[in-house]
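Novice: Below are the C-alpha cells for one structure; questions will follow.
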Amino acid sequence: MNDRDFMRYSQQILLGDIAIEGQQKLLNSHVLIVGLGGLGSPAALYLAGAGIGTLTLADDDDVHLSNLQRQILFTTDDIARSKSQVAQQHLTRLNPDIELVSLQQRLKGEALRHAVARADVVLDCTDNMATRQEINAACVALNTPLITASAVGFGGQVMVLTPPWKQGCYRCLWPDDVEPERNCRTAGIVGPVVGVMGTLQALEAIKLLSGIETPSGKLRLFDGKTSQWRSLALRRASGCPVCGGRHANSIQ
C-alpha cells in the first residue's frame, strides 16, 4: 500500500480485526456483483469505498424512473442508460484506484461460470429465482463463497454460503424454481429495507475477504416494521442435486 491507500482506508486500518494485513487482502480481492438494483447499488458503493481491488458489475438492464426510489447508485440523469456502465462510471469517481469491470449482460451458462471462477466472493443481488439458482449452482461447482439476499415490502433476508457447503446451499432451502407469489414487483418494497440487505451483503463480503468470522449457513430474516431479526439454520437437503445432504428446517 502507498501513502494514498493508507489515507483513504485509514478508518478501516485502525480496526484491529482488519489492520494493514486485512486491508491488503481487500485490495487483492475480486468480488462479482450480479444485479445492480436495490441490493447491488449499496453493496457496490460500500465495496468500492472499502477498497476491493476488483469489482465486476453485471446487469443487463437500463435505469428506469421507478428504480430511483431505492437504487441509490443512480440519478435522474442516468435514466435509459446501462446500469452496469453507469455504475462503473459513478464508482470510478468514488474510488479511481480500484479496477471496475462492467458486464452489460444477463449472466448465465458458461459466461456465468467464467465470471464466478474469476471471483473470490459472489454477491447475488438478483430478483428472480431461476437466476439465483443458477448462481448458487455455479458457486457450489467452483467452490466460490456466495452471499445472497432479497427483500419485499418491509421484510428482507440475507444468507452467507461457503465451501465446503456442510450446511447446504441455496437450493437446499428453496428446492423449486417457482417464483414466490409475493415479490417486490407485486407487493412493493421500502427502499431502506432493501438497502439494509445490500449493505449487509457488503459487510459480510468484507468480513470474509479480510479473514473475520461470519455466520455462514444461516438465513437471517429482518422485519423492517419491528426492526427485529430471526435466524433459520440451514442443513443440507438429502436429495439436493447441487450439494446433497438434509433439508433446512430449523429455527434458532
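Novice: Return a yes/no flag: does segment 108-128 have any residue that is buried (at least 22 other Cβ atoms within 10 Å of the Cβ), at pLDDT 95 or above and over 27 Å from Y170 (Cβ atoms).
Specialist: No, segment 108-128 contains no residue that is buried (at least 22 other Cβ atoms within 10 Å of the Cβ), at pLDDT 95 or above and over 27 Å from Y170 (Cβ atoms).
Novice: Here's a check for you: in segment 208-226, which residue that is modelled with pLDDT of 95 or more and polar (S, T, N, Q) is nearest to T144 (Cα to Cα)?
Specialist: Result: S210.
Novice: If you go through segment 87-105 one residue at a time, do you hit one that is crowded, with 17+ Cβ neighbours inside 10 Å, under 21 Å from T199 (Cα atoms) and of a type in the set (K, R)?
Specialist: no
Novice: Quick one: in segment 61-77, of everything that is touching a strand residue (DSSP E or B) at 6+ places or on another chain (Cβ under 9 Å) and either of a type in the set (A, V, I, L, M, F, W, C) or not in a helix (DSSP H, G or I) (or both), which residue is nearest to P42 (Cα to Cα)?
Specialist: Here the residue is R70.
Novice: In segment 46-60, what residues are in a helix (DSSP H, G or I) and without any contact (Cβ under 8 Å) to a residue 60 or more places away in the chain?
Specialist: The answer is A48, G49.
Novice: Give the residue that is nearest to R230 (Cα to Cα), with candidates limited to residues of segment 151-166 that are buried (at least 24 other Cβ atoms within 10 Å of the Cβ) and small (G, A, S).
Specialist: The residue in question is G156.
Novice: If you don't mind, another one. Please state which one of L68, L73 is more than 17 Å from the chain's Cα centre (by Cα) and either farther than 22 Å from V194 by Cα or of a type outside the set (V, I, T) (or both).
Specialist: Testing whether each residue is more than 17 Å from the chain's Cα centre (by Cα) and either farther than 22 Å from V194 by Cα or of a type outside the set (V, I, T) (or both) leaves just L68.
Yes/no matrix, rows are residues, columns are (1) aliphatic (A, V, I, L, M); (2) closer than 21 Å to P192 by Cα:
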| residue | (1), (2) |
| --- | --- |
| F6 | no, no |
| L14 | yes, no |
| E21 | no, no |
| S41 | no, yes |
| Y46 | no, yes |
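Novice: Are there any strands (runs of 3 or more DSSP E) wholly within segment 78-167 with 3 or more residues that are more than 27 Å from L221 (Cα to Cα), and if so which?
Specialist: Where strands (runs of 3 or more DSSP E) fall fully within segment 78-167 and carry at least 3 residues being more than 27 Å from L221 (Cα to Cα), they are 99-103.
Novice: Of all residues in segment 175-192 being surrounded by 16 or more Cβ atoms within 10 Å (Cβ to Cβ) and in a loop (DSSP other than H, G, I, E, B), which is modelled with the lowest pLDDT?
Specialist: For segment 175-192, the residue satisfying everything is N183.
Novice: Considering each residue of segment 84-131, count those that are in contact (Cβ under 8 Å) with a residue 40 or more places away in the chain, within 22 Å of S150 (Cα to Cα) and among the basic types (K, R), and give that number.
Specialist: 1
Novice: Something else now. Collect the residues in segment 79-88 that are touching a helix residue (DSSP H, G or I) at 6+ places or on another chain (Cβ under 7 Å) and farther than 14 Å from A44 by Cβ, keeping them in residue-number order.
Specialist: Selection gives I79 alone.
Novice: Same structure again: For a quick check of your reading: which helices (runs of 4 or more DSSP H) sit entirely within segment 1-42 and have at least 2 residues that are among the aliphatic types (A, V, I, L, M) and either crowded, with 16+ Cβ neighbours inside 10 Å or under 18 Å from the mean Cα position of the chain (by Cα) (or both)?
Specialist: The helices (runs of 4 or more DSSP H) meeting that bar are 19-27.
The values are calculated or read from the model by the stated rules, or taken from the named source; none is laboratory data. Remember, it's a predicted structure, so these values are computed and weren't measured experimentally. Positions of Cβ are generated from backbone atoms using ideal geometry, with glycine treated the same way; all protein chains shown enter the neighbour counts.
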